[in-house]
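Right, one structure below, let's go through it.
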Amino acid sequence: MGATRRQINRERLEALIARERLSFAQANPKSRAAFDAAGANLWTGVPMSWMAKWPGGFPLSMAGAHGARITDADGHSYVDFCLGDTGAMAGHSPPALTDAIAQRVGADGGITTMLPTDDATWVSAELARRFGLPKWSFTLSATDANRFILRKARQVTGRPYVLVFSWCYHGSVDESFVVAGPNDTAVSRPGNVGPAVDPAQTTRVCEFNDLDAVKRLLADQQVACVLTEPALTNIGIVLPEPGFLKGLRAATRETGTMLIADETHTISAGPGGCTAAWGIDPDIVTIGKSIGGGVPIGAFGMSEEFAERLLEDESADYVDTGGVGGTLAGNALSLSAAKATLGHVLTDEAFDRMSRLGERFADGVDVAISTHGAPWSCVRLGARAEYRFVPSPPRTGGESAAAADEQLDEWIHLYMINRGLLLTPFHNMALVSPATTEADVDLHTQLFDQALTELFGSDLV
Ligand SMILES: Cc1ncc(COP(=O)(O)O)c(C=O)c1O
């Protein structure tokens, strides 16, 4: 088939969605009942409102999960490529993690005490080895890591603004809820809930891969830091163009602006994320999710120079109520989980294997796209791959946002769920864990090909 690009027949798509919704409802009566019962006291029927993102009108009620598989209340088993949106990148309940948790919680005892443990020392040394930054602190989430480091960057530089890229996501961080408007303006992101101030007061924003705009916005030396993922992952995957990250590093150095690499998702590129894989040399790295194997944790790593500048400033309160903290941050349970996860599960060797499976996943998608002439593309970042409903991979967040197609998203997700496979419900992201197998990847390839056969039928439009 090759070069001929087909168009989507929307009537056919609507009929296919209706069929998949019906199958989903028929196959999952216990999940449906659990959702209805939960609605009595759980606001929006789920423990946190973003869990309402799943398609089908109600989420599957999870019964158990091991490795790369999840079982639901109705007894179905799924190959899991969502992996808790990266929180379970290590696979579900790997034995090394469950043993360490049992030891900490049961045999040793002491979940949170406000005292340090040896595990924290080990984990900070391991993160320093992986990301090349010597000084680390722990939080309970990647969001908090980002929040606290933005404060610290402003404190150290004495500058008011943060620069982010349009359609970025760094957790629920006020400063980051902006998109690029005309003439370098920052516009509050659609749906921004109750911002304390107009984010234009705190943030400058431009498109990813637009180095000229970055230089323009940094030129007056009013920006404390650039906060970015090395590749955007939360608006589909948008890879940096050749020279962009190098230019960004040079521009931040020339203007005394701190460069923060948020590796929360981009750790998929390797054990030290893109920072190590691409030699980015940021001043700060933030991370969370995967490193605790599912137990809440976040972390930020700092260069020696930045860490020293922080401590030289005696006006800042880092040990009490200065605005960076969290009673349970750095707790013994989180750190024992991180030690087990980094030491035994998300190892350098595991990343090699995960990356090869990521490649197999993307190759399978590419072949099906080409065979069916689908006007789509697939982008991979190590163990992570994602398809987007545009012929060429978007080069900015704005382009990728414009490519969103909620109908196609709903259909492909339901199609996969109904046949035993979970994709991340935010766009079409798949992540490989150390427990994922070639057969799991090949199941996706087979279902994706089958789905495209159904969508495009035999008639060229
Ligand atoms: C790049 C990035 N940073 C930070 C976060 C925030 O993570 P959490 O919600 O676990 O705090 C996310 C969440 O998706 C993310 O994708």
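The values are calculated or read from the model by the stated rules, or taken from the named source; none is laboratory data. Fair warning: this is a prediction, and the values are worked out from it, not measured in the lab. Cβ atoms come from the backbone with ideal geometry, glycine included; neighbour counts cover every protein chain shown. Ligands, DNA and RNA are excluded from the accessible area calculation, which covers all protein heavy atoms including side chains. Shrake-Rupley method; radii C 1.70, N 1.55, O 1.52, S 1.80 Å.
Of everything in segment 172-206 that's part of a loop (DSSP other than H, G, I, E, B) and among the β-branched types (Val, Ile, Thr), which residue is most open to solvent (accessible area, probe 1.4 Å)? The selected residue is 193.
Against the numbered list (1) surrounded by 16 or more Cβ atoms within 10 Å (Cβ to Cβ); (2) within 16 Å of the ligand (Cβ to nearest atom); (3) over 22 Å from residue 84 (Cα atoms), residue 298 comes up short only at (3). Out of everything in segment 314-355 that is under 21 Å from residue 291 (Cα atoms) and of a type in the set (S, T, N, Q), what residue ends up being most open to solvent (accessible area, probe 1.4 Å)? Among those that are under 21 Å from residue 291 (Cα atoms) and of a type in the set (S, T, N, Q), it is 327. Considering only residues that are under 19 Å from residue 449 (Cβ atoms), open to solvent by less than 10 Å² (accessible area, probe 1.4 Å) and in contact (Cβ under 8 Å) with a residue 24 or more places away in the chain, which ones fall in segment 370-397? Once the filter is applied, which keeps residues that are under 19 Å from residue 449 (Cβ atoms), open to solvent by less than 10 Å² (accessible area, probe 1.4 Å) and in contact (Cβ under 8 Å) with a residue 24 or more places away in the chain, segment 370-397 yields 373, 374, 385, 386, 387.
When restricted to residues that are part of a helix (DSSP H, G or I) and touching a helix residue (DSSP H, G or I) at 6+ places or on another chain (Cβ under 8 Å), segment 120-146 contains 9. Pick from segment 75-107 the residues that are assigned to a helix (DSSP H, G or I), among the polar types (S, T, N, Q) and more than 16 Å from the ligand (Cβ to nearest atom): which of them is least open to solvent (accessible area, probe 1.4 Å)? Looking at residues that are assigned to a helix (DSSP H, G or I), among the polar types (S, T, N, Q) and more than 16 Å from the ligand (Cβ to nearest atom), I get 98.
Scanning segment 398-415 for residues that are closer than 14 Å to residue 59 by Cα and surrounded by 20 or more Cβ atoms within 10 Å (Cβ to Cβ) returns 413, 414.
Within the span defined as segment 49-65, one or more residues are away from the ligand (no atom under 16 Å from the Cβ) and under 22 Å from residue 267 (Cβ atoms). Looking across segment 151-171, the residues that are away from the ligand (no atom under 12 Å from the Cβ) and open to solvent by less than 10 Å² (accessible area, probe 1.4 Å) come down to 153, 162, 163, 166.
If we scan segment 204-216, do we find a residue that is touching a helix residue (DSSP H, G or I) at 6+ places or on another chain (Cβ under 8 Å) and within 15 Å of the ligand (Cβ to nearest atom)? Yes - at least one qualifying residue is present in segment 204-216. Residue count for segment 301-324 satisfying the condition of being more than 18 Å from residue 124 (Cβ to Cβ) and within 16 Å of the ligand (Cβ to nearest atom): 0. Only one entry in 395, 384 is among the charged types (D, E, K, R) and in contact with a helix residue (DSSP H, G or I) (Cβ under 9 Å, 6 or more places away or on another chain), namely 384.
Only helices (runs of 4 or more DSSP H) whose full extent lies in segment 375-461 are considered here, and the ones with at least 1 residues that are in contact with a Cys (Cβ under 7 Å, 6 or more places away or on another chain) are 397-402. Taking segment 220-243 only, how many residues are away from the ligand (no atom under 12 Å from the Cβ) and either open to solvent by 10 Å² or more (accessible area, probe 1.4 Å) or assigned to a loop (DSSP other than H, G, I, E, B) (or both)? Looking only at that region, the number is 8. Every condition in (1) touching a Ser or Thr at 6+ places or on another chain (Cβ under 6 Å); (2) in a helix (DSSP H, G or I) is met by residue 26 except one, and the failing one is (1). Of all the criteria given as (1) part of a loop (DSSP other than H, G, I, E, B); (2) open to solvent by less than 60 Å² (accessible area, probe 1.4 Å), the one not satisfied by residue 33 is (1).
Residue by residue, here is whether (1) in contact (Cβ under 8 Å) with a residue 40 or more places away in the chain; (2) of a type in the set (Val, Ile, Thr); (3) closer than 30 Å to residue 357 by Cβ; (4) open to solvent by 10 Å² or more (accessible area, probe 1.4 Å) holds:
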{"site": "260", "(1), (2), (3), (4)": "yes, yes, yes, no"}
{"site": "266", "(1), (2), (3), (4)": "yes, yes, yes, no"}
{"site": "286", "(1), (2), (3), (4)": "yes, yes, yes, no"}
{"site": "303", "(1), (2), (3), (4)": "yes, no, no, yes"}
{"site": "306", "(1), (2), (3), (4)": "yes, no, no, no"}
